[in-house]
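Take a look at the structure set out below.
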């Protein structure tokens, strides 16, 4: 991994993550999306069972979407954003890294709609995303094969102060037992 590379260049759906933030809350389970080159971002599942269903279910994607909901952050072109969000970005001078890097947040529903994320989702994403940045910049001497260590905790700066974020990298074999991948 080269410093500054986006995480989807070195973390794939074969590297699901357990992210623990705010000790009172249960961890959430994340998959970096983008190694296929079409959609880039982070899919976040509320429970271990939901993440396992994603990998193990014989159901069609449409049937699975009725059983498993998730929170998602993905990047799009400006035309995908609301005018209010674009106006706020201009008003508060929030730069965008690239023309296809406008952040979109949502939560899926059992009816396959994407709705606004909950307040809890956004607060969790604040810590998790800062934690993932820290994780992706782990010193090279701690890396094995270019991927950061399997379990690491960071103290990260947030809007309201500092917080601990634990990131655990799983092998796909933990959610898909027949996989021949190592952690």
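With respect to the conditions (1) at pLDDT below 85; (2) over 20 Å from residue 69 (Cβ atoms); (3) surrounded by 11 or more Cβ atoms within 10 Å (Cβ to Cβ), residue 132 falls short on a single one, namely (1). Counting just the residues of the range 82-110 that are touching a helix residue (DSSP H, G or I) at 6+ places or on another chain (Cβ under 8 Å) and in a loop (DSSP other than H, G, I, E, B), which one comes out nearest to residue 30 (Cα to Cα)? Among those residues, the one meeting the criterion is 110.
Listed conditions (1) under 16 Å from the mean Cα position of the chain (by Cα); (2) part of a loop (DSSP other than H, G, I, E, B); (3) within 28 Å of residue 164 (Cα to Cα); (4) modelled with pLDDT under 90 are all met by residue 117, apart from (4). Inclusion of residue 153 among residues that are farther than 17 Å from residue 32 by Cβ, under 18 Å from the mean Cα position of the chain (by Cα) and modelled with pLDDT of 90 or more is not warranted. Annotation: of all residues in the range 10-54 being crowded, with 18+ Cβ neighbours inside 10 Å and part of a helix (DSSP H, G or I), the one that is nearest to the chain's Cα centre (by Cα) is 51.
Scanning the range 42-53 for residues that are touching a residue at least 60 places away in the same chain (Cβ under 8 Å) and under 18 Å from residue 129 (Cβ atoms) yields a total of 2. Taking the range 59-88 as the region of interest, how many residues are under 16 Å from residue 46 (Cβ atoms), exposed (fewer than 15 other Cβ atoms within 10 Å of the Cβ) and either touching a strand residue (DSSP E or B) at 6+ places or on another chain (Cβ under 9 Å) or free of Cβ contacts under 8 Å to residues at least 40 places away in the same chain (or both)? Looking only at that region, the number is 1. Going through the range 54-81 one residue at a time, which ones are touching a helix residue (DSSP H, G or I) at 6+ places or on another chain (Cβ under 8 Å) and farther than 27 Å from residue 130 by Cα? Answer for the range 54-81, where residues must be touching a helix residue (DSSP H, G or I) at 6+ places or on another chain (Cβ under 8 Å) and farther than 27 Å from residue 130 by Cα: 57, 59, 64, 67.
Can you name the residue in the range 156-182 that is under 15 Å from residue 31 (Cβ atoms) and part of a loop (DSSP other than H, G, I, E, B) and, of all such residues, is modelled with the highest pLDDT? By that ranking, first place goes to 170.
The values are calculated or read from the model by the stated rules, or taken from the named source; none is laboratory data. It should be emphasised that the depicted structure is a prediction, and the values quoted were computed from it without experimental measurement. Every residue, glycine among them, receives a Cβ derived from its backbone with ideal geometry; neighbour counts consider all protein chains shown.
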